[in-house]
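The values are calculated or read from the model by the stated rules, or taken from the named source; none is laboratory data. Only a predicted model underlies this, so the values are computations on that prediction, with no experimental measurement involved. Note that we place each Cβ from the backbone using ideal geometry, even for glycine, and neighbour counts take in every protein chain shown. Ligands, DNA and RNA are excluded from the accessible area calculation, which covers all protein heavy atoms including side chains. Shrake-Rupley method; radii C 1.70, N 1.55, O 1.52, S 1.80 Å.
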Amino acid sequence: MKVLVIDVGGTNVKMLATGQQEPIKFPSGPAMTAKAMVAGVKKRTRDWKYDVISVGYPGRNLAPGWVGFDFEAAFERPVKIINDAAMQALGSYNGGTMLFLGLGTGLGSALIVDGSVHAMELAHLPYKRGTYEDYVGIRGLEKRGKKKWRRLVADVVEILVDGLRPEEVVLGGGNVKKLKELPLHCRAGENADAFRGGFRLWEKRVTSGHLRIRIA
């Protein structure tokens, strides 16, 4: 079974399919609709062969109209949709309890406990005079500069680790490379994690509901 993985972000839509060597991408943004995303993907993957599709969806920083959209009818393929941070977490998971934080346009978050994947919305919890996302998302980086942003990331990670007690923290997203050094007890995710998670969604060892995965 050949899988097409679509990683929808607030800045870009990235795609990779079984058998392809390199992902491709095109811009997204707050005006991106589900219909426009489908058209963009179809146009750029018309020469690719795939049987099923995984879509990682951020739930914000995009145009309205995504909820309830019939992706299976639009793509004419079976489609599984998962929170984009959960898809990245799934791709980086090695076992135990793991917290994933995605430093991108916003702040993605997911927690995996003994193989059970839980998408979270930690980004919108109150922090200082706003929310976590206001300070460590792209707006916080642009407003406060790299040096202060790095200190804020370390502070947010410390707070969330104290509250959630994960065994491991993975920092992913496009802005993780802007960190001079990683906070304590963290490792950096890889660019391929989202795609690996999308491929894992269709493996027989992954079950639906509260998504569960067994790591061999």
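Do we have Lys25 as in a strand (DSSP E or B), within 20 Å of the chain's Cα centre (by Cα) and free of Cβ contacts under 8 Å to residues at least 24 places away in the same chain here? For Lys25, the condition - in a strand (DSSP E or B), within 20 Å of the chain's Cα centre (by Cα) and free of Cβ contacts under 8 Å to residues at least 24 places away in the same chain - is met. Of the listed requirements (1) hydrophobic (A, V, I, L, M, F, W, C); (2) assigned to a loop (DSSP other than H, G, I, E, B); (3) in contact with a Ser or Thr (Cβ under 6 Å, 6 or more places away or on another chain), Val13 misses just one: (2).
Scanning region 29-57 for residues that are open to solvent by 30 Å² or more (accessible area, probe 1.4 Å), touching a residue at least 12 places away in the same chain (Cβ under 8 Å) and part of a loop (DSSP other than H, G, I, E, B) yields Pro30, Ala31, Thr33, Trp48, Lys49, Asp51.
Please go through region 81-97 and give me each residue that is within 15 Å of Ala34 (Cβ to Cβ) and either not β-branched (Val, Ile, Thr) or not in a strand (DSSP E or B) (or both), ordered by number. The answer is Asp84, and nothing else.
Any residue at all in region 130-147 that's without any contact (Cβ under 8 Å) to a residue 12 or more places away in the chain and not in a helix (DSSP H, G or I)? Even if it seems obvious, please write down each step before you answer.
Keep residues of region 130-147 that are without any contact (Cβ under 8 Å) to a residue 12 or more places away in the chain, which gives 130-131, 134, 139, 142-145, 147.
Now restrict to residues that are not in a helix (DSSP H, G or I): 130-131.
Yes, some residue in region 130-147 is without any contact (Cβ under 8 Å) to a residue 12 or more places away in the chain and not in a helix (DSSP H, G or I).
Among the numbered conditions (1) at pLDDT 95 or above; (2) open to solvent by less than 20 Å² (accessible area, probe 1.4 Å), the only one that Val117 does not meet is (1). Quick check: is even one residue across region 158-166 under 19 Å from Leu99 (Cβ atoms), surrounded by fewer than 18 Cβ atoms within 10 Å (Cβ to Cβ) and of a type in the set (Gly, Ala, Ser)? Checking region 158-166: at least one residue is under 19 Å from Leu99 (Cβ atoms), surrounded by fewer than 18 Cβ atoms within 10 Å (Cβ to Cβ) and of a type in the set (Gly, Ala, Ser).
Would you confirm, using the coordinates I've provided, whether Gly173 is crowded, with 22+ Cβ neighbours inside 10 Å, closer than 21 Å to Arg60 by Cβ and touching an Asp or Glu at 6+ places or on another chain (Cβ under 7 Å)? Taking the combined requirement at face value, the residue does not satisfy it.
Any idea how many residues of region 180-190 are touching a residue at least 40 places away in the same chain (Cβ under 8 Å) and surrounded by fewer than 19 Cβ atoms within 10 Å (Cβ to Cβ)?
At the first step, the residues of region 180-190 found to be touching a residue at least 40 places away in the same chain (Cβ under 8 Å) are 189-190.
Imposing the further condition that a residue be surrounded by fewer than 19 Cβ atoms within 10 Å (Cβ to Cβ) reduces the set to 190.
The number of residues fulfilling the criteria is 1.
From (1) in a helix (DSSP H, G or I); (2) within 15 Å of Leu103 (Cβ to Cβ); (3) open to solvent by 90 Å² or more (accessible area, probe 1.4 Å), pick out the condition that doesn't hold for Ala154. All conditions pass for Ala154, except number (3).
If only residues of region 171-188 that are within 11 Å of the chain's Cα centre (by Cα) and part of a loop (DSSP other than H, G, I, E, B) are counted, the one that is nearest to Ile159 (Cα to Cα) is Gly173.
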